[in-house]
Each structure stands twice: as C-alpha cells, then as structure tokens.
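First comes the structure, then the notes that go with it.
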Amino acid sequence: MLSGLVQVSVSIIDSHDGLCEVIDALMNSPVTPPSIYIDLEGINLGRDGRISIIQLFLYPQHHVHLIDVHTLGATAFNHATNTGTTLRSILELFMMPKVFFDVPNDSAAMFHQHQAELAGVHDLQVMEVGTRAHPGKYLAGLGKCISRDIEKTLFSPQHGGSFEVFELRPLPEAIVQYCVQDVLLLPKLWHIYNPALTPASREKVEAEVKNRFRHSQSPRFIGKGSHMVLAPQLWETAPECPSSWL
C-alpha cells in the first residue's frame, strides 16, 4: 500500500496477462460517477513525443495501474482479451467516462503515436473554468487547483531535468509514487467541479473539450507555448478553432 492522502494499491502492468486483467476491471467498473482517472508520462508528450507510462486510477477499487507502454509498445493499446476488448476500445468508448486534467497533449500523443481517438473524456482543467463566474485569461494548472480547491500538495521527486527517468526499468520507487500521486487527487477535483457546473456551463465545457480533441488531432498541433495556458472564453463568442492552437 502507498502511504499518503489516500491509501491505494499499485500494480505495474508490463505483461499481456496483466493488461487483460486491467481491461476486465475497467469494463466492470461503474460509469456514474466516473471510475477511471488517467494521466500519461513520457518524453515530449504530444504529437511527436512518446508515451512511457499510462496511469489508470480505478477509484472504486482504490487501485492504480501503471501500464508500461515503454515495455509493451503498441500492444498496450491493441492486445485483446478473450472477449475482443482492448485498451484502445475502452479509451474510444464514449459511454465509459474517463477523467483527465489538461487532455490536449495526452490526446495528441495517443492519436498521433497510437491512432487512439479518445472519447467520453471529462477534462478537469476545462471544468474548473466552467465553475468560474468569469473565465479569466488563464487556465489553472493542476498544482494550483489542488492547493486552492483541496488545500493539499503533490509529492514531487527530483527528475534530474530529464523525462527519460520514466523509461528506467525497473521503475524507481520515487517515480512509481510520482505517477500514483499524479492521479490520486483527480477524483476529489471531479467531485468539487462537477456539481458546480450549471446545465449551460456543462454544455459549454463539453463543447470546449471536443474542440480540444480536434486541435490535438491536427497535424499542425503545437502542444507547448504560451497559447496553451490561455483559458477558453466559455461565456463569450469565440472562433471555433483558434489559430494559436494549430
């Protein structure tokens, strides 16, 4: 068990048998409220980067699965259970909600590197904007949302300035804990932001998340830069596809 704000069990998934067990667990999880909370780690995540680890937090089970994409490669997305279900098919299933924080670069990495088109996503970063009386100019980062809305901070190991630490095998314990802590508080944020959305703001948030997907799947998508911190103007009429995202 991992000590911290919430006690969870953790498993590193680097085999096809383990992957099938995760897929079965995902398929048997309730969808209301969302059970699945996801983050990615890797090198230069985005259109041209590569995914090293997928963190899947199954909230009802208090279990975090760290899917080792560096070891499994494309089979992490494509290996099927005996029912024909793959991780890809779950990620692309609209009726199974998945919760991310700041999804564009994760979406871009999955789409451009593994041709996986995410669906059914709740993006907590956009949801937070939807709870504001006025959208403001900037998006809030995960650390700010946690410190302001949960009044806690994340465990953050020193990486030595290199994301290649996520491809060390076996994974150092500090990196395992970092990956776990990155998804551990996402359910708390969802339970704060979701009830605060009005029907009108929820509709705008959902439209903005779809817009983020379209941008992230563009061959000209640029996932780094000052444009990535600008808040969507949910309460104003804005161009559907801002040129700064492309």
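The values are calculated or read from the model by the stated rules, or taken from the named source; none is laboratory data. The structure displayed is predicted, hence computed values, not measured ones. Quick reminder, even Gly has a Cβ in these numbers, built from the backbone with ideal geometry, and neighbours come from all protein chains shown. Accessible surface is based on the protein model in full, side chains and every heavy atom, while ligands, DNA and RNA are left aside. Shrake-Rupley method; radii C 1.70, N 1.55, O 1.52, S 1.80 Å.
Restricting attention to the stretch 86-144, the residues that are assigned to a loop (DSSP other than H, G, I, E, B), closer than 15 Å to Leu56 by Cβ and β-branched (Val, Ile, Thr) total 2.
The residue list Ile23, Ile54 contains one member that is out of contact with any Cys (no Cβ under 8 Å at 6 or more places or on another chain), in a strand (DSSP E or B) and either open to solvent by 60 Å² or more (accessible area, probe 1.4 Å) or modelled with pLDDT of 95 or more (or both), which is Ile54. Selection of the stretch 135-147 for residues being at pLDDT 85 or above, open to solvent by less than 50 Å² (accessible area, probe 1.4 Å) and more than 21 Å from Ser35 (Cβ to Cβ) yields Leu139, Ala140, Gly141. Summed over the stretch 120-134, the residues that are within 17 Å of Ile36 (Cβ to Cβ), touching a residue at least 60 places away in the same chain (Cβ under 8 Å) and not charged (D, E, K, R) give a count of 4.
In summary, Val180 fulfils each of the numbered conditions (1) farther than 17 Å from Pro104 by Cβ; (2) open to solvent by 50 Å² or more (accessible area, probe 1.4 Å) with the single exception of condition (2).
For the stretch 44-65, enumerate the residues that are β-branched (Val, Ile, Thr) and closer than 24 Å to Gln115 by Cβ. Can you show your working first?
At the first step, the residues of the stretch 44-65 found to be β-branched (Val, Ile, Thr) are 51, 53-54, 64.
Across the stretch 44-65, the qualifying residues are Ile51, Ile53, Ile54.
Within the stretch 191-236, how many residues turn out to be among the hydroxyl-bearing types (Ser, Thr, Tyr), part of a loop (DSSP other than H, G, I, E, B) and either more than 15 Å from Gly130 (Cα to Cα) or under 19 Å from the mean Cα position of the chain (by Cα) (or both)? Result for the stretch 191-236: 1. Here Gln233 passes the criteria (1) surrounded by fewer than 20 Cβ atoms within 10 Å (Cβ to Cβ); (2) modelled with pLDDT of 85 or more; (3) more than 19 Å from Asp39 (Cα to Cα); (4) of a type outside the set (Ser, Thr, Tyr) except the one numbered (2). Filtering Ala119, Ala133 for residues that are out of contact with any helix residue (DSSP H, G or I) (no Cβ under 8 Å at 6 or more places or on another chain) and among the small types (Gly, Ala, Ser) leaves a single hit, Ala133.
Here's the yes/no breakdown for (1) within 24 Å of Arg47 (Cβ to Cβ); (2) among the aliphatic types (A, V, I, L, M); (3) touching a Gly at 6+ places or on another chain (Cβ under 7 Å); (4) modelled with pLDDT of 95 or more:
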| position | (1), (2), (3), (4) |
| --- | --- |
| Ala76 | yes, yes, no, yes |
| His79 | no, no, no, yes |
| Leu87 | yes, yes, no, yes |
| Leu91 | yes, yes, no, yes |
| Met96 | no, yes, yes, yes |
| Asn105 | yes, no, yes, no |
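Taking the stretch 88-103 as the range and being acidic (Asp, Glu) and either on the phi > 0 side of the Ramachandran plot or open to solvent by less than 50 Å² (accessible area, probe 1.4 Å) (or both) as the test, only Asp102 passes.
Against the list (1) in a loop (DSSP other than H, G, I, E, B); (2) open to solvent by 50 Å² or more (accessible area, probe 1.4 Å); (3) polar (S, T, N, Q), the condition Thr81 fails is (2). Within the stretch 104-118, the set of residues being open to solvent by 20 Å² or more (accessible area, probe 1.4 Å) and either within 12 Å of the chain's Cα centre (by Cα) or free of Cβ contacts under 8 Å to residues at least 60 places away in the same chain (or both) comprises Asn105, Gln115. Take the conditions (1) in contact (Cβ under 8 Å) with a residue 12 or more places away in the chain; (2) β-branched (Val, Ile, Thr); (3) open to solvent by 50 Å² or more (accessible area, probe 1.4 Å); Thr198 misses just one of them, which is (1).
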